[in-house]
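Chemist: Below is the structure I would like to discuss, written out as structure tokens.
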Amino acid sequence: MQAFIRTVNLVSQAVGVVAAAMIVFAVTLTCQMIFIRYFLNGSTSWQTEAVIYLMVGATLLGLPYVQKLKGHVNVDLVPMLLPHAARKVLMIASYLAAVAILAVMTYHGWDLVYISYARGWVSETVWAPPLWIPYLSMPLGFGLFALQLLADLIEILQTPSEDIVIEGSGR
């Protein structure tokens, strides 16, 4: 199990770097677009769409990395008030529910990628990129997020109830 957890953490780290690079590229592309439009008075036909796809992709691919850091928004008032054993049960139930929802989203994401690829869907813009490429960030992001949650769940199951810490609370 430790090998699985380490592997998932490494993959989450790697896609976090990819997501950060996508954000940097989107910002650079936005600056290039501003320069062409306002200083060269030129046309930008594909940059806006590329920036949108990059930012959405970065958001979805960044999900597992943020989970690895325990950076997602968290309401911890109820868990803080619960006894240790009940806190652990609540965390297990929450992680299982999240993994189930993400599994459904991953399945439907792969379905959308397959349909868009099989039918040759392209964007309705001048650039017209194949839509399966930006759609691919959905099943990858949700699937890797589910794996990271699963790795975190395994860690919770291996941790004694008294040693479980609620992130940010110090308890």
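The values are calculated or read from the model by the stated rules, or taken from the named source; none is laboratory data. Since the model is a prediction, treat every value here as computed from it, not as a measurement. Neighbour counts run over all protein chains shown; Cβ positions are idealised from the backbone, glycine included. In case anyone asks, the SASA skips ligands and DNA or RNA and just uses the protein heavy atoms, side chains included. Shrake-Rupley method; radii C 1.70, N 1.55, O 1.52, S 1.80 Å.
Chemist: Please determine whether any residue of segment 52-59 is open to solvent by 30 Å² or more (accessible area, probe 1.4 Å), out of contact with any helix residue (DSSP H, G or I) (no Cβ under 8 Å at 6 or more places or on another chain) and closer than 19 Å to LEU140 by Cα.
Modeler: yes
Chemist: I'd like the full set of residues that are within 17 Å of VAL24 (Cα to Cα) and among the hydroxyl-bearing types (Ser, Thr, Tyr), limited to segment 34-52.
Modeler: Residues of segment 34-52 within 17 Å of VAL24 (Cα to Cα): 34-35, 47-52.
Within segment 34-52, THR48 is the sole residue that qualifies.
Chemist: Another one. Which residue is nearest to the chain's Cα centre (by Cα), if the candidates are limited to segment 9-49 and must be of a type in the set (Val, Ile, Thr) and closer than 27 Å to ILE154 by Cα?
Modeler: Here is the first cut: in segment 9-49, the residues of a type in the set (Val, Ile, Thr) are 11, 15, 17-18, 23-24, 27-28, 30, 34, 36, 44, 48.
Retained after the next criterion (residues that are closer than 27 Å to ILE154 by Cα): 11, 15, 17-18.
Values: VAL11: 12, VAL15: 9, VAL17: 12, VAL18: 11 Å.
Top of the filtered list is VAL15.
Chemist: Same structure again: Within segment 116-171, restricting attention to residues that are surrounded by fewer than 16 Cβ atoms within 10 Å (Cβ to Cβ), closer than 30 Å to MET80 by Cβ and polar (S, T, N, Q), which residue is modelled with the lowest pLDDT?
Modeler: Only one residue tops the list, namely SER169.
Chemist: Let me ask something else about it. Go through the residues of segment 80-96 one by one and say whether even a single one is modelled with pLDDT under 95, of a type outside the set (Gly, Ala, Ser) and assigned to a loop (DSSP other than H, G, I, E, B).
Modeler: Yes: one or more hits.
Chemist: Right, here's the next one. Please state which of the following conditions GLN67 fails to meet, knowing it meets all the rest: (1) within 26 Å of ALA19 (Cβ to Cβ); (2) without any contact (Cβ under 8 Å) to a residue 12 or more places away in the chain; (3) assigned to a helix (DSSP H, G or I).
Modeler: Evaluating GLN67 over (1) within 26 Å of ALA19 (Cβ to Cβ); (2) without any contact (Cβ under 8 Å) to a residue 12 or more places away in the chain; (3) assigned to a helix (DSSP H, G or I) leaves (2) as the failure.
Chemist: With at negative phi and part of a helix (DSSP H, G or I) as the only criterion, which of VAL51, VAL75, VAL126 stands out? Let's see the steps before the verdict.
Modeler: Working: VAL75 fails: part of a helix (DSSP H, G or I); VAL126 fails: part of a helix (DSSP H, G or I).
After ruling out the rest, the residue left standing is VAL51.
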